[in-house]
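What follows is a single structure, written as structure tokens, with notes after it.
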Amino acid sequence: MKKILSLTLVFTLILAMSVGCSSGDAPSQAAGNDGSAHESSPAGGAESSADPGEKVVLDMLWFADGAETEAMQHIIDDYQALNPNVQVNLLEVPYDEMTNKIMMSVVGGEPPALARTTESILSACYDATLDLAEYVDDIDGVLAQFMPSIHNYFVINDKVTALPTDVTANGMIYNKTAFDKAGVTVPATPDDIWTWDEFVTALEKVKADGGVQFGMVIDNPSHRWSTMLYQFGGRFLGEDGPAFNSPETIQALTFTKELFDKEIVPKSTWLGGEDPNNMFRSGQVAVHLSGNWMMTNYRDNIKDFEWGVTYMPKAKNRSSTPGGKQLAAFGGSGVEQEAVDFILYATSQEANAKYCVESLFLSPRLDNAKLDYPFGKEYFEVFANELEHTVPDASFDWGYPDFAGVARTPQNEGMYEMIAGNITPEQHAANMEKVLEELYQ
Amino acid sequence: MKKIKKKQGVTSLEMKLFPYLLILPNLFIFATFIAVPALFGAYFSLNKWSGMSAPVFIGLDNYVRAFHDVKFWQSFGRTLVYVLISLPFIMGIPLFLANLMIKEIRAKGMFRAIFYWPSMISYIIVGISFKFMFGDNTGIINYLLSLMGKAKVEWLTQGSTAMFVVILATIWARTGFYMVTYISGLQSIPLSYYEAAEVDGANPVQRFFKITLPLLKPTTFLVLILSFIDLFKAYGLVLALTKGGPGTSTKFVVQYIYEAAFDGKREMGYASALSMILLVVMATFTLLQFKVNKGGEIQ
């Protein structure tokens, strides 16, 4: 009896594990699609194999910095009301994990229907996305509705990999309370913009008299710091080869190192892993070189001091670094047409305006250039002005295929070594030049 | 008259089969989550593969590249330093605590629980907690130092102090687990040996070195192997605490392999080759330890 019971328990355990480890129902496969995400998508206008009455489920991988999740959910609710047979599930994933999550899903044969992307994520995943040109009759007409300067972020090797939902601009968020306390007035108009030297002088005064520990925090040595690079006249890439190792770049690198050596920017943010957002939110820092995506976060979380947005300083140029988020659809999901339909809806004028106003984002649509924001209207004018004065090199670099994948880690590590004093700015520039050559091979 | 059913004995075949049935679930899990992925890893190490497109067979090119990869061997060297410094503490401190915990002291159970508790916490949480304590500008320790009028220490901004904090966090997180292992080893040593030694006039230090340590050899060997492998695979704690920084000062080999696979250029094939090299190196070290320690046998 005991033997039978023991054997029964063992086999039950094995059975339970087998059932528990088995995959769920396989997604419905579109006609002619073998489920392999990297192979060519079905012909334009192909419909899903789902019956008209059947509920179509679109899983959308999503990351967020602030209030945009709620805003997107409202867009989804509106879409579902118009299309009762479609259900869109928002699946939140940390930003740092998005590319891996997409990759694992594609490799595992269960790609998501949709995902929110940035130019960096698309740079890694564009092989797996749909070419929207194959699903939309007048793709040129659709693309013409969006800012031309950011087309290269989502049109990669002539493939329309996604459509943009918002455009981001790097910019300077500052601690108004600290500036007022120190008696320093920020530039009120683009005509008053400081040079970087003037800006550093102002920061030193705020640091001394404004009740803050540090002058500035910069999110990271790659995308965020590249704003300074462009302002000093440097760039990563040229038409025919790398263009990082230049006098302008070395000037930007040297200037940046001085900011850390003078403790205007805390080394602990880049070297010690301290979160620049947390440091600014806690009132320890005078300015945060960040971008417009932090607006809702700071609006909701900063209660101890007043903050605002001011114009970034200039060196040789004024510039920001444009970025943005897009919605991409993936091959092999079985609901390709439905996914493309949702993207077209979410990026249409009315839906996009609603999304951007609620999320406090800049719209990438030319016909949504002036939106009626409920908060921080004047800040958006500053960000829009920064974008207007952005050098073309910025979007050329960040929209170059595979740039983020090849450059980000060596750029970050090289900057850390430079700040720590282990290599010189000249050495870092030379090292990066070699790394970037791979993009042209 | 009732017939009394004769109780049948266990057959020889059942005796042989039953142990295998008992380990079958674990074998199934091991095969599914360790052995099969390892075989796939070996296959992908011979390919160029981004994870998105189809693998392309390139033979041993990934291995040739790995042997010339200076950064990989630098991360390997850093890992070795971390292991060699941490290992004596991870073996010595639990042994010391275990010796205390087998004595008859009040609230022995409570103390055992307190020392064991950190090993139940996820490595990520340990890393975040230590970051909360040792953060340069947002950490509690520097805040307390500032209250005492002392200068703050750049715990996570300097390479050497960052390595110190990582080692400290590791020791704190693993001591309890190995303490319990040692306790079970100590409890298996017959008390009669100690009694006889006491009668012969041996002092506690002599009893420890002449009786405890030699008879604890199998347990010590087990702790050595487990902790060596555990330390070499360090990733979660380091990622949460320093992200391999400052710069690359605490970037160990598993993080390097992870970044080769999932960051930057996404070279899954190359990362698989690096994993295979790590596997061979660790297997070699383990075998050497087996030979030197004669499998933990007491002599």
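What follows draws every value from the coordinates through simple rules; no lab data is involved. These figures come from a predicted structure and were not determined experimentally. Glycine gets a Cβ as well: all are built from the backbone with ideal geometry, and neighbour counts include every protein chain shown.
Using θ = phi - 60° in the Karplus curve 6.51 cos²θ - 1.76 cosθ + 1.60, the 3J(HN,Hα) couplings for region A:367-374 round to 8, 10, 5, 10, 9, 9, 7, x Hz; x is entered for Gly and Pro.
By the beta-carbon count within 10 Å of each Cβ, the least crowded to most crowded order of B:Leu17, A:Leu387, fewest first, is B:Leu17, A:Leu387. With viscosity 1.567 mPa s and temperature 4 °C, the Kirkwood radius over alpha carbon pairs of region A:193-299 converts through Stokes-Einstein to a diffusion coefficient of 88 µm²/s. Model label sites at B:Thr32 and A:Lys205, defined 7 Å from Cα along the beta-carbon direction, differ in position by 6.8 nm.
Annotation: lysines with alpha-carbon distance below 16 angstrom to A:Lys207 (same-chain offsets under eight excluded): A:Lys176, A:Lys181, A:Lys262, A:Lys267.
When the Cα centres of region A:66-117 and region B:27-44 are compared, how far apart do they sit, in Å? The distance from the Cα centre of region A:66-117 to that of region B:27-44 comes to 31 Å. Comparing A:Asn278, A:Asn385, A:Phe232 along the charge dipole axis of chain A, the residue lying farthest to the positive side is A:Asn278, per the Cβ-charge model.
Fewest neighbouring Cβ atoms within 10 Å first, the residues A:Val57, A:Val287, A:Val88 line up as A:Val57, A:Val88, A:Val287. Counting neighbouring Cβ atoms within 10 Å and putting the fewest first, the residues A:Met418, A:Met1 line up as A:Met1, A:Met418. Taking amide H positions as modeled 1.01 Å from N, with prolines and chain starts lacking one, no residue 5 or more places away or on another chain lies under 5 Å from A:Lys262. For region B:1-131, the square roots a ≥ b ≥ c of the C-alpha gyration tensor eigenvalues yield an a/c of 1.5 or more together with a/b not exceeding b/c, which makes the shape oblate. Rounded to whole numbers, the Karplus 3J(HN,Hα) couplings from phi for region A:306-313 are 8, 9, x, 10, 10, 6, 6, x Hz, using 6.51 cos²θ - 1.76 cosθ + 1.60 with θ = phi - 60°, and x at Gly and Pro. Rounded to the nearest 10 degrees, what's the angle between the helix A:68-82 long axis and the longest principal axis of chain A, both from Cα atoms, 0 to 90? For helix A:68-82, the angle is close to 40 degrees.
Overall, region B:70-296 carries a charge dipole of about 120 debye about its Cα centre when +1 sits on the Cβ of Lys and Arg and -1 on the Cβ of Asp and Glu, all other atoms neutral. In a reduced charge model with +1 at each Lys and Arg Cβ and -1 at each Asp and Glu Cβ, the protein assembly as shown shows a dipole moment near 5500 debye about its Cα centre. Tell me the angle of helix A:403-419 to the major Cα principal axis of chain A, expressed in degrees between 0 and 90 and rounded to the nearest ten. The two axes meet at around 40 degrees. Using alpha carbons only, the radius of gyration of region B:70-296 set against its Kirkwood radius gives Rg/Rh = 1.04.
Only helices enter this figure: runs of n ≥ 4 DSSP H residues, each worth -39500 (n - 2.57), summed and divided by the residues of chain B, yield -21000 deg cm²/dmol at 222 nm to the nearest 500.
Between the listed residues B:Ile140, B:Asn293, B:Leu186, the Cα displaced farthest toward the positive end of the dipole of region B:70-296, a dipole computed from Cβ unit charges relative to the Cα centre, is found at B:Ile140. Only alpha carbons enter this Debye calculation for the protein assembly as shown, each as an equal point scatterer, and the log10 of I(q)/I(0) it gives at q = 0.08 Å⁻¹ is -0.79.
Per residue of A:413-420, other chain Cβ atoms within 10 Å of the residue Cβ number 4 on average. Comparing A:Asn85, A:Asn412, A:Asn352 in a Gaussian network model of chain A (Cα springs below 10 Å), the most mobile by mean-square fluctuation is A:Asn85. For A:Gly291, the amide hydrogen comes within under 5 Å of the amide hydrogens of A:Gly171, counting only partners 5 or more places away or on other chains and with H modelled in the peptide plane.
Normalised Debye scattering of chain A at q = 0.08 Å⁻¹ gives log10 I(q)/I(0) of -0.51, counting only Cα atoms as equal scatterers and leaving out solvent. Kindly flag which residue pairs out of A:Lys257/B:Lys150; A:Lys101/A:Lys325; B:Lys210/B:Lys291; A:Lys3/B:Lys16 have an alpha-carbon separation exceeding 19 Å in this structure. Beyond 19 Å between Cα atoms: A:Lys257/B:Lys150; B:Lys210/B:Lys291. To the nearest ten degrees, helix A:336-346 and the longest principal axis of the Cα atoms of chain A are 40 degrees apart.
Cα centroid separation, region A:162-185 to region B:89-119: 53 Å.
Computed on region B:70-296, with alpha-carbon pairs under 8 angstrom and 6+ residues apart, the relative contact order is 28 percent.
Short-range pairs are left out: with C-alpha atoms under 8 Å and at least six residues apart, the relative contact order of chain A is 26 percent.
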